[in-house]
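Structure first, commentary second.
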Amino acid sequence: MRRLVRREVVTAGPRPRLEVETGRAVAGWWPRVVLLVLATAFTGAALQTTGLAPSFVWGTAVALGTATAFLPAPPVPHVLVLLGGLLLIVEGDGPFDPVVFALLPLGHLVLRAAWWADHVPPDARAELRAVLPDLRRVVVLQAALLVVALGVQAVTAREVSSAVATALGGVAVLGLVLLVTPRD
């Protein structure tokens, strides 16, 4: 026994027209360009502490910066920042190396630019209304990082017991983790 199926297409008039207005926007490839510059600068600053030849330092910095710009998803930028910190620990001069004043803000900026490069495709656009709140947060965090770096330099310049220095370092790290933790 065969059943007959009746199919009909019903149209209820013309299709609705959808209009979308967007504000000023930035091209999606800009975060990758910014990430390339920041990752190269971060790697170059970190490798300067090793005493290697400048041509090797900047060649490696450009290669790692390019790799980070093409692969902005975690863990690539995080590994880059981790390696920069490890280089500072291993090759740093004394208890406080002034290159920290460059690596702290650059490391944070590398991670933020990597987030944007990962979330905005190169052929897309990001509205400035979406970008500006994050830029304001970055400015506040950069100021906090500078204060922490100056505080660490002041603590290491004096003869302070290791317990006090460790406690201050722990409080600083906790504060930075709370500030850096994404809210989305």
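Here are a few things to note about the model shown:
- Viscosity 1.567 mPa s, temperature 4 °C, Stokes-Einstein D of the range 57-156 from Kirkwood C-alpha radius, µm²/s: 86
- Taking θ as phi - 60° and the Karplus parameters 6.51, -1.76 and 1.60, the scalar couplings of the range 37-53 work out to 5, 5, 5, 5, 5, 4, 5, x, 5, 5, 6, 4, 6, 7, x, 6, 4 Hz in sequence order, x denoting glycine and proline.
- For the set Arg17, Arg32, Arg125, solvent exposure ranked by accessible area (probe 1.4 Å, protein chains only) runs largest to smallest as Arg17, Arg125, Arg32.
- Across the range 14-71, C-alpha contacts under 8 Å between residues 6 or more apart give a mean separation that, scaled by the residue count, equals a relative contact order of 41 percent.
- If the segment from Ala130 to Phe101 were pulled out straight at 0.36 nm per residue, it would be longer than the present Cα-Cα gap by 7.6 nm.
- In plain terms, the chain from Arg17 to Phe56 could stretch by 8.3 nm, reckoned as 0.36 nm per residue minus the Cα-Cα distance.
The values are calculated or read from the model by the stated rules, or taken from the named source; none is laboratory data. Small disclaimer: the values here were computed from a predicted structure and weren't measured. The accessibility values were calculated without ligands, DNA or RNA, using every heavy atom of the protein model including side chains. Shrake-Rupley method; radii C 1.70, N 1.55, O 1.52, S 1.80 Å.
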